[in-house]
Structure formats: structure tokens, C-alpha cells
């Protein structure tokens, strides 16, 4: 199967925001942002900046004709600061000039004075001061109070997980063009054209039908362009609307890293109770989510963490509490997994700690507690078509956990300076937007008289191959070559009121909408073909490989001549369809319902080797059995699984977002923020397809974008196991990412360094 988008990329023909030829007279915008994390603005002098030749105008909140607000869930985030700034990177003014160089020069000449206020960067401090974006969220099932009495073992602990920079290849950007009658067209790098339209409508104070948003493709998104792309699009549109000239706004890499939100850091407390056999009887967890200075999507992300806090396990008694804590950091936002990884990491940490107390291998407790058919999640949904045990057992069959354990033990007994560790990690991830109303999509399909097909949906192509999957659906329904099918840019005039391409739902929603539209057209074509063949029953006609068959016999009719004939008969060759995901409901008052259409399962074994002198490590292998359903495109799905895995491994190991106590981002360049590269990647990645059809998926497929990221969680415990083989005295704590610096400190924690014992060096040892 060809992926036409990839062909465009590798031949250099793909166009992104910065590649688009802008109209004559286009102006360029530069955001002037706060260098203070929390302060009152006491004065601002624009005069020197405005005097620079080529500066057209500098806009502040006073120039906004509508409402100065970009908050989606909570209305707590102004587009441009008014009297107070709440994080370093908060937009204060917008410089518009004849060139980007002039705009940057002018931005440096703006003089602003502040009165500093107290800065909070820790979510627990924010919680202690009552600084919450929303009221506490509590998911509860069973009775944990009574369950503790029945537990023969219980453990408590804390767990920290850090942020993560999206680091999409294409930074945020938008081009806004004023149109006839006061309309504005925005070409935006966004996962959610409808969100851009909504936010811009509010900022400009004009109806949504006066704002057209178009997206050709993104150079990556990972959730970072779901809501936050709206900010930059609205700023460019504001300038274009006021000045009646096209305006281009593209963030530099540094500005993008400083001004945009990351994966939410979580600080969490847990308590887990088990019986003597290792069955989990009760689990309590409290999440202190660092939302940053505004809610953004943090409330929805917190909900996702609460939904996924038990991972792949059945736990009869659960109490999960979440606090969305406001700090003076950049508002954090969606990131691949959307709260799921943060929630799962805590559960796996709890199991690991319990296993040590019970003198059991963690994977023994994991296997015992895996979900079974008809088990009930703590949010009230029954687990159906459960693949938890099946993926585990298939993974064990393929890669043999006991053999991995034995080889690890043998290596460690024979080596002093290098230690190996491994971990098993099961995953379970729900597919759907948990805000039920967002689970809908539209599709427009056109067949042209030459037999070519065009489609337009709300799906945003950002490297994940969603358009290739839509082509596959059209190809299967019409039984035509992929070469005949072309995608149109996503545009709010063709697909209105749509959901973002996020939550691993892009293919599910839009493929289903396209499927419905195609089948309505196909029904008309088959009826037309039946008439041409003198057949009363179109049910006896099938279309296969662009040829029409009557009762199994090939006819003279083919795709091209049937299309031409249908047009001559004035039969519609286009259709528009709407799809809404069935059987979804959730009551936010009691936190019970069916928020997900289905779940994705999988199991992975991760092996690592640690250099115990230097603290550096190698991820030797990741071997997994993943629940792909019946894949629409195995090449795309495998690529997505591998990419998500690497991103998860990076989050757990080397990707460390660091702020100082004043709220300044220290990892604001690629020289200070470390990301996985080819040298970091595991030497051996094996991902096996379970190949079990999904009865409720389009052509029995399953979503792929987010679930495999969760395998990366296992690397933390593999590293911890290796470290404790070298230093059994190391404290059992859970603080991700597990950077080489942290590993080195942990290797020698509590060790007597004043009188080092001689070590027999085996020069044959190597990673």
C-alpha cells in the first residue's frame, strides 16, 4: 500500500505553513511576551519600537474588538495580557512589520516594567493555597474503606512524572488573509480547525461563518496543536482584520518552546492493598496535576488519568481523586496519551512497591490481576472483547518471560560493572473522546466524471497516515485503485462543527463518515448498473476491481462507463455523511457510564543494560504483542506503534523539562532539551500483531496513535531493576524521567564511598 503523503514528504513536495507562497503585501508578526512568571504590569512603552522604519503597528489587548479570551473549557486565559502576567511566555503585545527581521528588532525595543508577585511552580503548593482550575474530580467504585480490612498486604508511596516537550518538526504558525465583506481566511497549523474558528470568532467579535480555517497538513502535532494552535491563529487573524492586509505568524523554535504548553507533570500519592496470592483488592490514588497558569485542556487530561488509573487490571475497590492545580508555568496541554501515561505510571509504581514487600516478581502480580471479559471498570463500563490476557500470554509465548529472567540473572551474576534489568508492561487504553458530544464527524465524497474521487473530512494529516487510511476505506468500498483517490485540505466551509484530530479517534470517526458517504453513492451506482443490465434487483450486482458482476459473472460494465452513464442520468455522484459514535454516554455528576467505544490492549517486555560506573544505559530491546485489530494499513500502524513507543521511552528516560524556582524554562533549546535519536532507540524492536478483529471498528480495525506510547513506562522499572542489582541499598522511589544523572546517583545512593572496595574488572564486559 502506497502512502502518498510520505511520497510527498521524501520528495520535498509537501507544503507546510512556512512553504506557502504568501500574497503580495503580506505583513509579518512577532509576539512580545512576558519575561516574568507572575507580576503586575506597571508600565509599557511602545514608542521606540513603533518608531522603527517598517513597523506597521503594535497591538495590545486594548485593540481586541471582541472578547479577550481563548480558554476552551475554563474561561481563564486572555489572548494578550491585560494588567497582570501569569507565566513566562505569556503574550503581551503583537508587533506587525514589513519583515520578520524588523518585527523582531522592534519587539526587543518594547520597554515594560513589572511589580513581581509570588511565583508557584509546584502543584502541591498550589493545592495547599486552594489554587484549582476546577473542583476536585473523584472516581470511585466499591468501598475502599472496608476493603483495607481484608488486605493482607498494603503499600503507600508517592510518584512523580515530568513534563514533555512536543517538539513537532513544524513550529506553530498561521497565515491570515482578509477577504471580501470582512471575512478572514486562516491557514493554520492546527489539529482542530473548529477550535481556531471558535476562538477567532470570539476575539474578533464576528460570526463563525465569517472565518474560514484551512489545514493542508501539519509537521507533527502530538496534541500540542489541538487547542494551543488557536492562540497564534487568532493573533494573526486579529492583525489581518484590523490592518486589512495578510499577516503571517510563525514561531521560532525557541519561542515555541517557551510559550507553548507541555505534557502535564503529575505529583501523585498511592495506596494499594492485596491478598496473599497477589490479588489487588483496593487502590487509592490522588493526582496533583500541574495545569500551569490556565486550565487549557488540563481538566479533560485529568479525567483521562482518572479513567486509566488502573491500567489493564481489574480492581474491585477504587478511589481516584484528581486536583487540577494552577501554577505560574506555561499552561500545559494535550500530549499523546492525554493523561493515560501519567495515571498508568502510578499504578505500575504501586505494583512494583507491593511486589517487593510480598517478595514476588512484579509480573506475577500483573498477570494475576489482568482484566477478564465482563469485568467492570471503576467508571462503570463493562470490559468487552478483552485482550489483556490474550496479548500477555501471546507475548509470553513469543518471547518467554522466564527465559528473559534467567538470562538477566545469569548476566548479572557474571558481570560487576554492567547490570541488566527487564520489566513487563501491559496496557489498556480507551478509544473515544470522553466528552461524548465530540464523537462525531462529517465527510464529503465526490466522484468526478473521469472516475477519480476526492474526499474532504475534518481529519488533519500530521504524519500519522489518516488520509491513507481514508483512501483505503474508499478503495475498499468502491473497489478502485488508490491512485484514483485524492484528499482535499481540511476546511471549515466543507466540514463544520467538527472535533479535533486527537484522542486516537481521527481514523475511527472520519473513516466511518467516509464509509457512510461512499455506500450511499455505491447504492445509487449499483441501481444504475442494474438498470443498464435489465436487472430489477441491484442486490445481484457487485463491484470488484473496478468491474461490475451480475450473479457472479463479469459484465461489460466497468467503473468508468458506469460513472459516465450515471452522470448522464443525472444521478448524484457526490454525498455528504455524518457519523456519530454509538453507545457512548457518561454522567459527570456520578462519574459513571460508557465513555469509550472499545479498548486497545497489549503487552511488552523491555530489557536494558546499565553502565554502573558512568550511569549511562542502553535500551536493549522492546518486544511486544499489540492489539491492532484487523489493521487497515499494517505499514502505517507499525510505524505509529514504533514512533509512539520511542516517544514513551523518551518521556520516561531523557526528556526532562526543567524550570527554575522563578518559573523560567531552562530546557528551552535543543541544546538543553534531550530527545531520542537513532542512537537512543532500542537495538531490537519487535512488535507482533495480535490479529484479532475488532467487532465495532471500521473494517474490524483499532486505533493506534496513542496506546503504544504506554509501553515506554516499562523502561523505568527495567532501569530500576538493573540499578538495584548493583546497589540493593538504593531507595525504592518513582521519579520520572530516569535520566542518566539520576541513574548515577541512584547507583551509589547510601553506598560507603570513603572506602571503596576493589573491583575485579572484566575487560570483556560491554553494553
(Q) Can you find a residue that is over 25 Å from residue 670 (Cα atoms), out of contact with any helix residue (DSSP H, G or I) (no Cβ under 7 Å at 6 or more places or on another chain), surrounded by fewer than 20 Cβ atoms within 10 Å (Cβ to Cβ) and modelled with pLDDT of 95 or more anywhere in the stretch 641-656? (A) no
Q) Out of the stretch 397-407, which residues are within 15 Å of residue 366 (Cα to Cα) and touching a residue at least 60 places away in the same chain (Cβ under 8 Å)? A) 401
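Yes or no, residue by residue, for (1) surrounded by fewer than 24 Cβ atoms within 10 Å (Cβ to Cβ); (2) free of Cβ contacts under 8 Å to residues at least 60 places away in the same chain:
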residue: 181; (1), (2): yes, yes
residue: 219; (1), (2): yes, no
residue: 228; (1), (2): no, no
residue: 240; (1), (2): no, no
residue: 244; (1), (2): yes, no
Q) Has the stretch 700-717 got at least one residue that is touching a helix residue (DSSP H, G or I) at 6+ places or on another chain (Cβ under 8 Å) and surrounded by fewer than 18 Cβ atoms within 10 Å (Cβ to Cβ)? A) no
Q: Could you tell me which numbered condition residue 691 fails, if it satisfies all but one of (1) at pLDDT 95 or above; (2) out of contact with any strand residue (DSSP E or B) (no Cβ under 7 Å at 6 or more places or on another chain); (3) not in a helix (DSSP H, G or I)?
A: (1)
Q. In a helix (DSSP H, G or I), in contact with a strand residue (DSSP E or B) (Cβ under 6 Å, 6 or more places away or on another chain), in the same structural domain as residue 206 (by TED's automatic domain parsing) and surrounded by 19 or more Cβ atoms within 10 Å (Cβ to Cβ) - does that describe any residue in the stretch 131-154?
A. no
Q: Being surrounded by 24 or more Cβ atoms within 10 Å (Cβ to Cβ) and at pLDDT 95 or above narrows it down to one of 502, 496, so name that one.
A: 502
Q | Single residue of 631, 621 found to be under 30 Å from residue 684 (Cβ atoms) and not in a strand (DSSP E or B) | A | 631
Q. What residue, among those in the stretch 552-566 that are in contact (Cβ under 8 Å) with a residue 12 or more places away in the chain and out of contact with any helix residue (DSSP H, G or I) (no Cβ under 9 Å at 6 or more places or on another chain), is surrounded by the most Cβ atoms within 10 Å (Cβ to Cβ)?
A. 558
Q. Out of all the residues in the stretch 115-130, which are farther than 16 Å from residue 294 by Cβ and assigned to a helix (DSSP H, G or I)?
A. 124, 125, 127, 128
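Do the conditions hold for residue 434, that is, is it out of contact with any strand residue (DSSP E or B) (no Cβ under 6 Å at 6 or more places or on another chain), touching a residue at least 24 places away in the same chain (Cβ under 8 Å) and surrounded by fewer than 21 Cβ atoms within 10 Å (Cβ to Cβ)?
The answer is no for residue 434.
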Q. Can you find even one residue in the stretch 544-551 that is outside any loop (DSSP other than H, G, I, E, B), in contact with a helix residue (DSSP H, G or I) (Cβ under 7 Å, 6 or more places away or on another chain) and over 28 Å from residue 483 (Cβ atoms)?
A. no
Q: Identify all residues within the stretch 246-290 that are closer than 30 Å to residue 56 by Cβ and in contact with a helix residue (DSSP H, G or I) (Cβ under 8 Å, 6 or more places away or on another chain); write none if there are none.
A: 246, 247, 248, 249, 250, 251
Q. Which of the residues that make up the stretch 452-493 are surrounded by fewer than 19 Cβ atoms within 10 Å (Cβ to Cβ) and in a loop (DSSP other than H, G, I, E, B)?
A. 452, 479, 481, 488, 489, 493
Q. Pairs, please: C-beta under 7 Å, at least 6 apart or cross-chain, first residue free of Cβ contacts under 8 Å to residues at least 12 places away in the same chain and in the stretch 577-589, second assigned to a strand (DSSP E or B)?
A. 587/593
Q. Residue 518 passes all but one of (1) in a helix (DSSP H, G or I); (2) surrounded by 23 or more Cβ atoms within 10 Å (Cβ to Cβ); (3) over 33 Å from the mean Cα position of the chain (by Cα); which number fails?
A. (3)
**Q.** Scope the stretch 262-320; condition under 17 Å from residue 122 (Cα atoms) and in a helix (DSSP H, G or I); matching residues
**A.** 298, 302
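The values are calculated or read from the model by the stated rules, or taken from the named source; none is laboratory data. Given the structure is predicted, the values throughout are model-derived calculations rather than measurements. Counting neighbours? That spans all protein chains shown, and the Cβs are built from the backbone with ideal geometry, glycine included.
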